[in-house]
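Rule-based calculations on the coordinates, nothing more; no lab input. Computed from a predicted structure; not experimentally measured. Here Cβ is always computed from backbone atoms with ideal geometry, including for glycine, and neighbour counts include all displayed protein chains.
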Amino acid sequence: MMEKLLQLEKVSIDDGLGRALIKNASLTIFQGEFIGIVGESGSGKTLTVKSALDLLPDHLVITSGVRQLLGKELNGLSSKDKRRLIGAGIGFVPQNTVVFLHPMIKIKYQMIDAYLYHIDNDKKQALKKASDLLEKVGIKEPKRVLNAYPKQLSGGMQQRVNIAMALMTDPKLIVADEPTTALDTVVQRQVMELFNQLNQSEGVSILFISHDLKIVKQFCQRMYVMYQGEIVESGETHEIFTNPKHSYTQKLLSLIPTLTNLSMDKFG
Ligand SMILES: Nc1ncnc2c1ncn2[C@@H]1O[C@H](COP(=O)(O)OP(=O)(O)OP(=O)(O)O)[C@@H](O)[C@H]1O
Ligand SMILES: [Mg+2]
């Protein structure tokens, strides 16, 4: 039986004023899976994954449901235990890069922090790993980037730093929220191939949020479709693309005219 890395069961979230933002979201990720979440802007993709990683803004309220991460029930853990569990086991690539990186701290210190804390308190090893990972995400001058402050880097560079940073602790699960949106096509492809390689050869699970159905179709084994705060459809990617059941999914798929020859388009 494959290990269940993440499970949400009927999680509902409201805005603190009684407006439901997420309604009964259920989602499961097993070890080794590459999973996609799609849906229009505002449909609840980010809040859903943030609830699983205990990263919701304070004023939002989880009104019901069960959240399990790496076999642990989140509600039963102290904040410290939650941070430790998530910090060591999950790599998170956030949607909003600029807010995520601390503006006043050099990239290298931000990158090695979790490694020193969770893996091994060896700064030299940590810096070597950071440099190697930056190269893996297509950064040609890792030294310069490591010594830079975030604002000295472009948005695309910052996003690559985030991706590399998420890999520092060799997580079992990478949660990536629109990780390639700020990147040009070549780097986008590089990043997707890196995720794919981690998934295929090291069995790392990937939870991947995207607007890009072509990428989801190419890489994700299963997918979830969100619409107005609900997961309206889920299943094997191939099955959903050939036989979408929910009317929103049907509409979404009909908006991609070149679907049939998609693998040749961006990644061919
Ligand atoms: N901090 C917040 N406070 C109040 N409402 C919020 C907050 N964050 C998100 N929402 C609302 O919750 C809903 C879901 O937002 P969410 O960010 O999860 O959507 P999304 O699917 O990730 O969209 P996008 O594709 O644009 O990133 C939206 O209606 C949004 O306005
Ligand atoms: Mg989002």
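Observations
- Charge dipole of the chain about the Cα centre (unit charges at C-beta), most positive-ward option of L6, M111, T48: M111
- The chain, dipole about Cα centre (Lys/Arg Cβ +1, Asp/Glu Cβ -1), debye to the nearest 20: 660
- Only Lys, Arg (+1) and Asp, Glu (-1) charged, at Cβ; region 83-229 dipole about Cα centre in debye: 280
- Farthest toward positive dipole pole in the chain [+1 Lys/Arg, -1 Asp/Glu at C-beta], among I22, L70, G138: G138
- When only Cα pairs below 8 angstrom with a gap of at least 6 residues are kept, the chain shows a relative contact order of 25 percent.
- Cross-link partners of K72 among aspartates and glutamates (Cα-Cα below 15 Å; sequence separation of 8 or more within a chain): E3, E9, D54, D81
- Interchain or long-range residues, amide H under 5 Å from L21's placed H: I13, D14, D15
- Computed log₁₀ I(q)/I(0) - Debye formula, equal Cα scatterers, no solvent, region 1-131, q 0.10, 0.19 Å⁻¹: -0.39, -1.22
- Sorting the segments 68-76, 45-53 by their residues' average number of neighbouring beta-carbon atoms within 10 angstrom, most packed first, yields 45-53, 68-76.
- Charge dipole of region 27-90 (Cα centre as origin; +1 on each Lys and Arg Cβ, -1 on each Asp and Glu Cβ, all else neutral): 220 debye, rounded to the nearest 20.
- Most positive-pole-ward Cα, P179, A164, N199, against dipole of region 94-248 from beta carbon charges: A164
- Under a Gaussian network description of the chain, with springs only between Cα atoms under 10 Å, the residue in F241, F92, F208 that fluctuates furthest is F241.
- Alpha carbon convex hull of region 73-212, volume per residue in cubic angstrom: 118
- Taking every DSSP bridge with both residues inside region 144-268, close to 55 percent are antiparallel.
- Sparse-neighbour loop sites [trypsin sites (Lys or Arg not before Pro); region 3-36; at most 12 other C-beta within 10 Å; DSSP]: R19
- Projected onto its three principal axes, the C-alpha set of region 184-249 covers 34, 27, 23 Å, listed from the longest axis down.
- For the chain, diffusion coefficient by Stokes-Einstein and Kirkwood Rh (Cα), 25 °C, 0.890 mPa s, µm²/s: 128
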